[in-house]
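Scroll down for the structure; my scribbles are underneath it.
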Amino acid sequence: MSTGTYFYGQLKRIVKLFPGIFTLSLVFALVIGVAGVLNARHTDYNKVTSKYNIGFLCGYDDALLSMGLQFIGSIDDTQLIVNTFQYDTEEAGFDALHNNEIKVLVVIPDGFMDALMYSDDSPVVKLYAASQKGITTVIMEEVINIFSDDMVYTEAGLYSLQDDMKDTSLSEEEKTKLNDKLFIAYMNALLSRGLLTEIEHIGLGDGMSFMAFFFCGIVLFYTVMLSFCSISFFLDSHTEFFMIARSKGVRPSSQIFTEYTCFFLANLICSLFTLFCVYVLFAANMVGIEEFSVDLFPRFMRFSGYFILVLIELSSFTFLLFEVMKGIINKFLLSFLVLIGFSFLSGYFYPRSFLPETARTIGEYLPTGVAYNVLSSGVTGVFNAKNMLMLITYTVLFLLIAVYARRVRIERGID
Amino acid sequence: MQISVNDIKKRYGRKEVLKNVSFSASGGECIGILGKNGCGKSTLISVLAGILRGDAGQFLIDENDVLKEERIRHEKVAYVPQGTPIIEELSAKDNLSMWYGQDDLKKQLESGFLKVLGIDSFLNVMVNKMSLGMKKRLSIGCAINNNPKVLLLDEPTAALDLKCKEAVYAYLKAFRENGGILILATHDIYEISMCSKCYLLKEGILEEYTYNNDMTDLMNRL
């Protein structure tokens, strides 16, 4: 037996199994494709906002204070990042904080407005944050500052005017009218603030349009799970066969190389057929992503090229998983769980930029994460040598480990 | 033809499984390796087959150390493991095609060892539809593709019915008559009685044993 005849045998084997593998891959592609498209179509990501819930604990006797709070949650641009809640008692406010209904509780002490009026800085606003130091606290402090600024400038303006009018011969009625006039001018200025800027949400996910992010995530998840469609290739492979092949001179490295090639070819044919179907849908404008809206063919071809590289790596990863998990009970379930976990951390289901920093860093360097980086390069057209190098390194490493695992398997007779 | 196994050693961690194992045989002989489960019989066969690397020792076939000269080992030694080293999704013919050239396969099926093993009767049957006996015969058929001079068998007829055993024994007999050397790791009394020389492997040491149809004696010695 030579490596060539071993390869021929494995090829024949995958050809026999291929109808089942292909059918399973089509069903799987259809299921996640339909689910993905439906999800994407029914979710307008431009309207999705991420808001913090902020609670206020204060008295509402002062009209300015009440109005300022209302501005924060409804008129000012801060409305895009906060929902405001008002509490009458300290207990209610802290309960809400502990129950995670609000992220921060702002306690405005009695006499705060009077202190503003008389430029006394002794009673300060206290801010209780539920989470750790970081973005929440800083943003909330900024919100409070905006609120304070509004109050301070308005109050200070009115106070100055009142002060200036002390020695004038104006009647109280005229003074009140002037006060009201200034107050309305402030209000108009505040109301017009929101019109100074126009916010447009492009809706980016990890540097791609949300639809492209979705597309990448679905394609990668499909690629990872595609290996499970070829699981039959691993089910009936007996260690005795590898042993006898070894005794005839087919080394573990040759065995792994030939088997991996067959496994990869099956994955390649299935996925290229699926990609072709996706291309047809793109060309018919039934689905699409912004990045491919012009020059569809060359861009899709570029994407397909990157996809094949990703497939080489992910196939080697899953091949290794199935190889090393020989002899482990529920090995396929374990492989499935590993792949799902890796997929989540790598940003297949949710933009990686939304994940906590540690998870983001881990996700970036996982083999599935590197595949994500490379495939997103296929969408954006931005080549990244580091990612490509990592992809190649992972592929070589996985195959080398698989060779070592096969050697151990043959020597110990693990089946 | 002469074979000589000299001072084979094999250690798994702290456990020394084979301690200077040595024996020799001439063409037409059958060597039986006996011992209780886990004593190292399969390890010895695996080392001789080149699957496991021994820590020391030689396996000489006509003065060539086939543990070092892989090419000669592939030509002259065949190994049949305990299980069924064949591809389940393929037919018997497809499996044999991996091991034999087209002409050679035809010849063997018509009048060679494959005929003796009776493989020609189930050539187009898929392996996953075969009985254990058919699988075993096919395994032997695949292993002997190179017309070997030394055949290493690890419990070759375990779990086979009498008819299948008969086919395997017929082949083994023919193999010996053609000057081949058999090395069997076995528990089977009939196979033991077939052997021209028997060895007991106990705590890593191989010692010669003469089987005189006394099971009690064999049991006590194991």
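Restricting attention to region B:123-132, the residues being surrounded by 20 or more Cβ atoms within 10 Å (Cβ to Cβ) and closer than 16 Å to B:Ala167 by Cα number 0. Scanning region B:39-78 for residues that are of a type in the set (Gly, Ala, Ser), more than 10 Å from every other protein chain (Cβ to nearest Cβ) and not in a strand (DSSP E or B) yields B:Gly40, B:Gly54. Scanning region A:86-95 turns up no residue that is modelled with pLDDT under 75 and either of a type outside the set (Ser, Thr, Tyr) or surrounded by 12 or more Cβ atoms within 10 Å (Cβ to Cβ) (or both).
Suppose the filter is modelled with pLDDT of 70 or more and either assigned by TED's automatic domain parsing to the domain that holds A:Phe56 or not charged (D, E, K, R) (or both); does A:Thr136 pass it?
no
Looking only at region B:92-113, residues that are facing chain A (nearest Cβ under 7 Å) and more than 21 Å from the chain's Cα centre (by Cα) come to 1 in all. Among the residues making up region B:19-35, those that are closer than 25 Å to B:Asp217 by Cα and either surrounded by fewer than 14 Cβ atoms within 10 Å (Cβ to Cβ) or hydroxyl-bearing (Ser, Thr, Tyr) (or both) are B:Ser22, B:Ser24. Of the helices (runs of 4 or more DSSP H) lying entirely inside region A:311-387, the ones with 1 or more residues being closer than 18 Å to A:Phe228 by Cα, free of Cβ contacts under 8 Å to residues at least 60 places away in the same chain and aliphatic (A, V, I, L, M) are found at A:331-345. Taken over region A:223-249, the criterion of being within 7 Å of chain B (Cβ to nearest Cβ) and either basic (Lys, Arg) or in contact (Cβ under 8 Å) with a residue 24 or more places away in the chain (or both) is satisfied by A:His238, A:Glu240, A:Met243, A:Arg246, A:Lys248, A:Gly249. Condition (residue is more than 11 Å from chain A (Cβ to nearest Cβ), surrounded by 19 or more Cβ atoms within 10 Å (Cβ to Cβ), out of contact with any His (no Cβ under 7 Å at 6 or more places or on another chain) and not in a strand (DSSP E or B)) applied to region B:79-91: is it met by at least one residue? Looking through region B:79-91, none of the residues is more than 11 Å from chain A (Cβ to nearest Cβ), surrounded by 19 or more Cβ atoms within 10 Å (Cβ to Cβ), out of contact with any His (no Cβ under 7 Å at 6 or more places or on another chain) and not in a strand (DSSP E or B).
Any residue at all in region B:8-18 that is surrounded by 21 or more Cβ atoms within 10 Å (Cβ to Cβ), of a type outside the set (Ser, Thr, Tyr), in contact with a Leu (Cβ under 8 Å, 6 or more places away or on another chain) and over 19 Å from A:Arg412 (Cα atoms)? Within region B:8-18 (the criterion being surrounded by 21 or more Cβ atoms within 10 Å (Cβ to Cβ), of a type outside the set (Ser, Thr, Tyr), in contact with a Leu (Cβ under 8 Å, 6 or more places away or on another chain) and over 19 Å from A:Arg412 (Cα atoms)), the answer is no, since none of the residues qualifies.
The values are calculated or read from the model by the stated rules, or taken from the named source; none is laboratory data. Keep in mind that this is a model prediction, so the values were computed, not measured. Ideal geometry is used to build each Cβ from the backbone, glycine not excepted, and the neighbour counts take in all protein chains shown.
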